[in-house]
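One structure below.
The values are calculated or read from the model by the stated rules, or taken from the named source; none is laboratory data. Keep in mind that this is a model prediction, so the values were computed, not measured. Virtual Cβ from ideal backbone geometry, glycine too; neighbours counted across all protein chains shown.
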Amino acid sequence: MSPDHPAAPRPPGRVSRRRLVGWSALAAAAVPLGVGGWSARATAAESLEESYQRAFLEAVGRHPAIRRHTVPGREFLYRPGQLLAARRDVQRVLARLRSLGHQVTEGPGFATVGRLLLAPETDIPALVTRLRDPRQWPNQTVPVVQPHHVLVGFGNIMGNPGGPPRVAAPLAGPDPARLGEGAGVTVGVCDTGIWRHAGAAHPAWLGGSYLPESDDEDAVYAGAGLLALQGGHGTFVAGVLRQAAPGVRFDPETALDATGVGDEETLVAAIGRLDPQVAIVNLSLGCFTQDDQPPLPVVDTITALPREVAVVAAAGNGGTARPSWPAALPRVLAVSALATGSGGAPVPAGYSGFGSWVDACALGDRTSTYVDGELRLPGQPPLVFHRFAAWAGTSFATAHVAGRLAALMTSTGMDAEAARAALVAAPRWHPDYGVLVG
């Protein structure tokens, strides 16, 4: 289940205790797990949310292509042995690294960055800190360098509001009177992709609303009928989008794997594959970065989108004011999550990111289209899903806002950017949560 929801946001910059505990667990050596098998450290006394957190932390901990920087309040995930540099700075940085004794080669770049390859055990964050020090570059401009950041679907780490999807009853079909909302608008959904059977399993909600393509398919399963930790996330997001605007079409693109993990390169590639008709880009994912600096490849890719395209992204589920990217970019409409308070009124969700950089908020706990399968967590009875689920996170608040933005376009005739500007011009529900979108 979702965590308790406070009546007021946490002080800016504070990281929740659970998030610090989670990152401490991530820093520990993980015990390798097989499909359907779990570490002996799991105990029956754990709650469902603790078991879900543990499963993801262990999956990340054993991943050969993920390293973690775990200084409290400065955490981020990155690819080992990779240093990204602005293309104009590549040769200068390459020469400096070799002068420092590093064995380094130039790998394939992407977007507007070059990629320098070092030994996997290289302390990339320490190297970035050194290269960003102006004293290293007397009488020169400091080069733009960064780790290759790993992104995650919200939710999981930074990330997961604490619990897995929950079994839910089927939704009734869309209201015929609302089928014009979002009609003629296409939303790009860069996520885990779409379940192969989504259109057939959900004809009323998803059937005919997208073009099925093999490279957009969500892997979904970790084994025969066993769900990966975020398999179906993209299908859930698509259902929330269509509930908010039942007439909208969407273009699913795979930016994350079924565990909910991707990186800057996979996100840039997913955005590049979007249909030219896409007017709104939904990014229910993100990352923290070294020194909270905006990630250059993602910045440049989003900046290069046509002016009339709106980008909507999740503020993250770390329960902190620390900026999550790409949501914190000025070009992007950042969305935080609310919960339903004891009196029925909306209150800040305890897991949600917040801050002056957030533009809008919506309820984060929703029921939506999902997949068939069984999710097994350590020390817990299996969760068996039949095509519908309930889930909480800024991912789903984001999809709702993207859908309502599409509905605003059809009701006003505005393009997406004009509709975005009109939406955020409304009075803010709270300075750290932006405009409330119902």
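Give me the residue from region 217-231 that is touching a Phe, Trp or Tyr at 6+ places or on another chain (Cβ under 9 Å) and not charged (D, E, K, R) and, out of that set, nearest to residue 53 (Cα to Cα).
Checking each candidate, the answer is 229.
Could you please tell me which pairs satisfy a Cβ distance under 8 Å, a separation of 6+ or placement on different chains, a first residue in region 423-438 that is free of Cβ contacts under 8 Å to residues at least 60 places away in the same chain, and a second residue that is not hydrophobic (A, V, I, L, M, F, W, C)?
As it stands, the answer is 428/434, since those pairs meet every condition given.
For (1) of a type in the set (Val, Ile, Thr); (2) touching a residue at least 40 places away in the same chain (Cβ under 8 Å); (3) under 21 Å from residue 317 (Cβ atoms); (4) in a strand (DSSP E or B), each residue gets a yes or a no:
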{"position": "370", "(1), (2), (3), (4)": "no, yes, yes, yes"}
{"position": "377", "(1), (2), (3), (4)": "no, yes, yes, no"}
{"position": "388", "(1), (2), (3), (4)": "no, yes, no, yes"}
{"position": "391", "(1), (2), (3), (4)": "no, yes, yes, yes"}
{"position": "407", "(1), (2), (3), (4)": "no, yes, no, no"}
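Out of 241, 229, 256, which single residue is of a type outside the set (D, E, K, R) and not in a loop (DSSP other than H, G, I, E, B)?
Values: 229 fails: not in a loop (DSSP other than H, G, I, E, B); 256 fails: not in a loop (DSSP other than H, G, I, E, B).
Going through 241, 229, 256 in turn, just one is of a type outside the set (D, E, K, R) and not in a loop (DSSP other than H, G, I, E, B): 241.
Given the structure, is residue 339 outside any loop (DSSP other than H, G, I, E, B), surrounded by fewer than 22 Cβ atoms within 10 Å (Cβ to Cβ) and in contact (Cβ under 8 Å) with a residue 40 or more places away in the chain? Lay out the reasoning, then the answer.
Numbers: outside any loop (DSSP other than H, G, I, E, B): yes; surrounded by fewer than 22 Cβ atoms within 10 Å (Cβ to Cβ): yes; in contact (Cβ under 8 Å) with a residue 40 or more places away in the chain: yes.
Judged against the criteria, residue 339 is a match.
If you check residue 240 against the conditions, is it surrounded by 24 or more Cβ atoms within 10 Å (Cβ to Cβ) and under 15 Å from residue 165 (Cα atoms)?
Working: surrounded by 24 or more Cβ atoms within 10 Å (Cβ to Cβ): yes; under 15 Å from residue 165 (Cα atoms): yes.
It is true that residue 240 is surrounded by 24 or more Cβ atoms within 10 Å (Cβ to Cβ) and under 15 Å from residue 165 (Cα atoms).
Quick check on this structure: which one of 195, 205 is in contact with an Asp or Glu (Cβ under 9 Å, 6 or more places away or on another chain), surrounded by 14 or more Cβ atoms within 10 Å (Cβ to Cβ), modelled with pLDDT of 95 or more and not assigned by TED's automatic domain parsing to the domain that holds residue 125?
195
For residues in region 282-315 being polar (S, T, N, Q) and farther than 22 Å from residue 73 by Cβ, which is surrounded by the most Cβ atoms within 10 Å (Cβ to Cβ)?
In this case the residue turns out to be 282.
From the residues in region 252-261 that are crowded, with 24+ Cβ neighbours inside 10 Å and in contact with a Leu (Cβ under 7 Å, 6 or more places away or on another chain), which one is nearest to residue 279 (Cα to Cα)?
253
Can we say residue 164 is touching a Lys or Arg at 6+ places or on another chain (Cβ under 8 Å), under 19 Å from residue 231 (Cα atoms) and not acidic (Asp, Glu)? Lay out the reasoning, then the answer.
On the way: touching a Lys or Arg at 6+ places or on another chain (Cβ under 8 Å): no; under 19 Å from residue 231 (Cα atoms): yes; not acidic (Asp, Glu): yes.
So residue 164 does not fit the description; no.
Among the residues of region 180-199, which ones are among the β-branched types (Val, Ile, Thr) and not in a strand (DSSP E or B)?
Across region 180-199, the qualifying residue is only 185.
Can you confirm whether region 215-222 contains a residue that is more than 29 Å from residue 306 (Cα to Cα) and either touching a helix residue (DSSP H, G or I) at 6+ places or on another chain (Cβ under 6 Å) or at pLDDT below 95 (or both)?
Residues of region 215-222 that are more than 29 Å from residue 306 (Cα to Cα), as a first pass: 219-222.
From what is left, the residues that are either touching a helix residue (DSSP H, G or I) at 6+ places or on another chain (Cβ under 6 Å) or at pLDDT below 95 (or both) are 222.
Yes - at least one qualifying residue is present in region 215-222.
Hey, can you tell me all the residues within region 277-302 that are among the hydroxyl-bearing types (Ser, Thr, Tyr) and more than 26 Å from residue 245 (Cβ to Cβ)?
289, the sole residue that qualifies.
For residue 380, which of the numbered conditions (1) under 29 Å from residue 221 (Cα atoms); (2) touching a strand residue (DSSP E or B) at 6+ places or on another chain (Cβ under 8 Å) fails to hold?
(2)
Do we have any residue at all in region 313-336 that's touching a residue at least 60 places away in the same chain (Cβ under 8 Å) and under 30 Å from residue 200 (Cα atoms)?
Yes, because at least one residue in region 313-336 is touching a residue at least 60 places away in the same chain (Cβ under 8 Å) and under 30 Å from residue 200 (Cα atoms).
Can you spot a residue in region 130-138 that is touching a strand residue (DSSP E or B) at 6+ places or on another chain (Cβ under 8 Å), modelled with pLDDT of 95 or more and not in a loop (DSSP other than H, G, I, E, B)? Break it down stepwise before answering.
Taking region 130-138 first, the residues touching a strand residue (DSSP E or B) at 6+ places or on another chain (Cβ under 8 Å) are 131-132.
Applying the additional criterion that residues be modelled with pLDDT of 95 or more yields 131-132.
Among the residues that remain, those that are also not in a loop (DSSP other than H, G, I, E, B) are: 131.
Yes, region 130-138 contains a residue that is touching a strand residue (DSSP E or B) at 6+ places or on another chain (Cβ under 8 Å), modelled with pLDDT of 95 or more and not in a loop (DSSP other than H, G, I, E, B).
Check region 379-392 and report whether any residue there is under 22 Å from residue 335 (Cα atoms), modelled with pLDDT of 95 or more and aliphatic (A, V, I, L, M).
Yes.
Could you check region 267-283 and list, in sequence order, the residues that are touching a residue at least 40 places away in the same chain (Cβ under 8 Å) and assigned to a helix (DSSP H, G or I)?
267, 268, 269, 270, 271
For region 219-235, give me each residue that is farther than 26 Å from residue 76 by Cα and out of contact with any Gly (no Cβ under 7 Å at 6 or more places or on another chain).
224, 235
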